[in-house]
Amino acid sequence: MVYILVAAVLLLAFSWSALLWGYRDKQTEPINPNEDQVFDPRCLPIILQHDPPAKQAIIMIHGYPSTPYTYEYAAHEAYGYGYDVYAPLLPGFGTKPKDLYQTTFTQWYEYLQAYYKDKRSEYDHLFVIGTSMGGAMALRLGEEFSGTSNAPDALATIAAPVFLNDLALGVIQKWGYYFMRLVSLVTPAIRPRIHTGGKKKNDGEELWIGYGGAFVKGGVSFMHALKDIRRNLHQITVPLFSIHDEGDKTIAFQNLGIIQSAVQAQPFKSRTTRMTSDHNRHILLMYPSIQKELTSEILTFFDSNHKENPSQ
């Protein structure tokens, strides 16, 4: 009998953590990034504006727990194509790990949403690129604004998740995702640190800067947000270009299929890569081996999907 009770308690604890029963973000008040406290100048937002400003712009959204430097190449390439470019730093990122502890996806997204709406009012044509969590945020923007006057002209996502694990699909990227909520009761992060790149060249992945470690508390918030994003994919009607590597070691490749089957994007374009480099195959626009090709494809997609009437 004791063993049965213990097993039942363990099962309930696991289910509470894995299924996020009753979870809600506790921190929801608006916050801003501390740009004057970044640990490296490369963490700062990328802002590239023509003089006079162009009529078209791209917002580039970094991932978790990354920084705008992810888009160093793509931003300058897009600028050369005639776009004004904005890659904001999300609040809690790029300064010190403790700044991320008490922030939530709600706060990150609300900052991005306000940023997006400001740029939407300034440009005839506005496009969005998101990588990893930034891709999930781009999808949410598409869900929220498709069919409205604030709709983006088009979206592009790179390695965007709408789930982390999915037992029904038989996709378990990391079993630890199921235990994040339990671990967060003890600590907000495991081995948190600042990462300023690697010493060994590895197709550009050594240039990645952000926070290292496992940020479990923020991860729970993100995992919970993905439920609604996945549920509302059908609301996306704006043009969408989604890219994912088949061997992505961070976000399961099967996410691409879920996105493709659910969105109502017109048009929808998918692109897969099969990289063999010894890295995560995740932050694709950072890798010199493929960044030029993919950036060109994204910009071509954007160029062919301008709104006919910018006011609509």
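The values are calculated or read from the model by the stated rules, or taken from the named source; none is laboratory data. Quantities reported herein were computed from a predicted structural model and do not represent experimental measurements. Note: ideal-geometry Cβ built from the backbone for every residue, glycine included; neighbour counts use all protein chains shown. These area figures cover heavy atoms from the full protein model, side chains too; ligands, DNA and RNA do not enter into them. Shrake-Rupley method; radii C 1.70, N 1.55, O 1.52, S 1.80 Å.
Where helices (runs of 4 or more DSSP H) fall wholly inside the range 78-149, the ranges with 3 or more residues that are open to solvent by 10 Å² or more (accessible area, probe 1.4 Å), farther than 20 Å from Ala225 by Cα and at pLDDT 95 or above are 105-122. For the condition under 18 Å from Gly210 (Cα atoms) and aliphatic (A, V, I, L, M), Val38 qualifies. Consider the range 1-30 and keep the residues that are among the aromatic types (Phe, Trp, Tyr) and closer than 30 Å to Lys227 by Cα. The one that is surrounded by the fewest Cβ atoms within 10 Å (Cβ to Cβ) is Trp21. Suppose we keep only residues that are in contact with a helix residue (DSSP H, G or I) (Cβ under 8 Å, 6 or more places away or on another chain) and open to solvent by 50 Å² or more (accessible area, probe 1.4 Å) within the range 51-67. Which one would you say is farthest from Gly197 (Cα to Cα)? Filtering the range 51-67 for residues that are in contact with a helix residue (DSSP H, G or I) (Cβ under 8 Å, 6 or more places away or on another chain) and open to solvent by 50 Å² or more (accessible area, probe 1.4 Å), the one farthest from Gly197 (Cα to Cα) comes out as Pro53. Of everything in the range 277-295, what is open to solvent by 20 Å² or more (accessible area, probe 1.4 Å) and in contact (Cβ under 8 Å) with a residue 24 or more places away in the chain? Give them in sequence order. Residues satisfying the conditions are Ser277, Asp278, Asn280, Arg281, Ile283, Pro288, Ser289, Gln291, Lys292. For the range 172-179, the count of residues that are of a type in the set (A, V, I, L, M, F, W, C), over 22 Å from Thr106 (Cα atoms), open to solvent by less than 20 Å² (accessible area, probe 1.4 Å) and over 19 Å from the mean Cα position of the chain (by Cα) is zero.
Those strands (runs of 3 or more DSSP E) of the range 153-235 in which 1 or more residues are of a type outside the set (Lys, Arg), touching a helix residue (DSSP H, G or I) at 6+ places or on another chain (Cβ under 9 Å) and within 30 Å of Gln56 (Cβ to Cβ) occupy 154-158, 210-214.
Which residue is most open to solvent (accessible area, probe 1.4 Å), if the candidates are limited to the range 246-276 and must be assigned to a loop (DSSP other than H, G, I, E, B) and under 22 Å from Pro152 (Cα atoms)? The selected residue is Gln266.
Check the range 31-44 and report whether any residue there is assigned to a loop (DSSP other than H, G, I, E, B), among the charged types (D, E, K, R) and loosely packed, with under 12 Cβ neighbours inside 10 Å. No, there is no match, as no residue in the range 31-44 is assigned to a loop (DSSP other than H, G, I, E, B), among the charged types (D, E, K, R) and loosely packed, with under 12 Cβ neighbours inside 10 Å.
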